[in-house]
1. Name the residues in region 45-66 that are among the β-branched types (Val, Ile, Thr) and either within 15 Å of the chain's Cα centre (by Cα) or under 12 Å from Arg32 (Cα atoms) (or both), would you?
2. It is to be established whether one or more residues within region 80-88 are within 25 Å of Ala34 (Cβ to Cβ), surrounded by 15 or more Cβ atoms within 10 Å (Cβ to Cβ) and at pLDDT 85 or above.
3. Which pairs have Cβ atoms under 6 Å, sit 6 or more apart or on different chains, and link a residue in region 120-135 that is under 24 Å from Ala26 (Cβ atoms) to one that is in a strand (DSSP E or B)?
4. With over 14 Å from the mean Cα position of the chain (by Cα) and outside the structural domain of Ala16 (by TED's automatic domain parsing) as the only criterion, which of Glu69, Glu73, Glu109, Glu149 stands out?
5. Which residues, counting only those in region 1-12, are hydrophobic (A, V, I, L, M, F, W, C) and either modelled with pLDDT under 85 or not assigned by TED's automatic domain parsing to the domain that holds Gln58 (or both)?
6. Looking at region 124-144, which of its residues are within 16 Å of Leu90 (Cβ to Cβ), assigned to a loop (DSSP other than H, G, I, E, B) and either at pLDDT 90 or above or over 17 Å from the mean Cα position of the chain (by Cα) (or both)?
7. Does region 27-52 hold any residues that are free of Cβ contacts under 8 Å to residues at least 12 places away in the same chain and surrounded by 12 or more Cβ atoms within 10 Å (Cβ to Cβ), and which are they?
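The values are calculated or read from the model by the stated rules, or taken from the named source; none is laboratory data. All values reported here derive from a predicted model rather than from experimental measurement. All Cβ positions, glycine included, derive from the backbone under ideal geometry; neighbour counts span all protein chains shown.
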Amino acid sequence: MRQDAQALLEAGLRAARSADWPAYRARLLELRDAWAALIERDEDVRQQFEMLGAAAPQYDPEGCVAAFEALAELLSARPAQTPRAPPPALDLRGLQPPEPIVRILDALERAPREPLRAILPHEPAPLYGLLRERGFSCSGAQRADGGFEVLIERS
């Protein structure tokens, strides 16, 4: 496993063990971006990421730590590979509605097969239904700086 991927795993484990759930979610998103190619072709890895993405760490912290440790073990057992770099983030903080949603939809129209990361001032609940209607899925997490980061991908 590459050193940067190992550092992400260690940072995620530290965040989980210290109950820093915003940092935990952010590291999970970064790991998912970095290992997207492996997730697409390895069912075990995909299921582990899905389970972690759906977990509620504030209600089951021990389970999240154990699942993150299982992910680390699973990834370290896979052949060394070069993780894909996460897509650059589209920072939409400071824009007035509906401009952030308009820019997200424009970016997805220009490159519908590419994942899109967006940073918003808060969770974009109205965006979720629009994305589903257009065949996209998304996951997100609160950022340590108070913003909300969402990763959008073709379903």
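1. As a first pass, look at region 45-66 and keep what is among the β-branched types (Val, Ile, Thr): 45, 65.
Hit for region 45-66 is Val45, nothing else.
2. No, because not a single residue in region 80-88 is within 25 Å of Ala34 (Cβ to Cβ), surrounded by 15 or more Cβ atoms within 10 Å (Cβ to Cβ) and at pLDDT 85 or above.
3. Partner pairs satisfying both residue conditions: Leu120/Phe148; His122/Phe148; Glu123/Phe148; Leu131/Cys138.
4. Values: Glu69 fails: outside the structural domain of Ala16 (by TED's automatic domain parsing); Glu73 fails: outside the structural domain of Ala16 (by TED's automatic domain parsing); Glu149 fails: over 14 Å from the mean Cα position of the chain (by Cα).
Glu109 is the lone residue from the list that is over 14 Å from the mean Cα position of the chain (by Cα) and outside the structural domain of Ala16 (by TED's automatic domain parsing).
5. Looking only at region 1-12, we keep the residues that are hydrophobic (A, V, I, L, M, F, W, C), and these are 1, 5, 7-9, 11.
Across region 1-12, the qualifying residues are Met1, Ala5, Ala7, Leu8, Leu9.
6. Pro124
7. We begin by selecting, within region 27-52, every residue free of Cβ contacts under 8 Å to residues at least 12 places away in the same chain; these are 39-41, 43, 46-47, 50.
Listed by number, the residues that qualify are Ile39, Arg46, Gln47, Glu50.
So that you can scan it fast, the table gives a plain yes or no per residue for (1) in contact (Cβ under 8 Å) with a residue 40 or more places away in the chain; (2) over 26 Å from Ala7 (Cβ atoms); (3) assigned to a loop (DSSP other than H, G, I, E, B):
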{"position": "Glu69", "(1), (2), (3)": "yes, no, no"}
{"position": "Arg93", "(1), (2), (3)": "yes, yes, yes"}
{"position": "Gln96", "(1), (2), (3)": "no, yes, yes"}
{"position": "Pro100", "(1), (2), (3)": "no, yes, no"}
{"position": "Asp106", "(1), (2), (3)": "no, yes, no"}
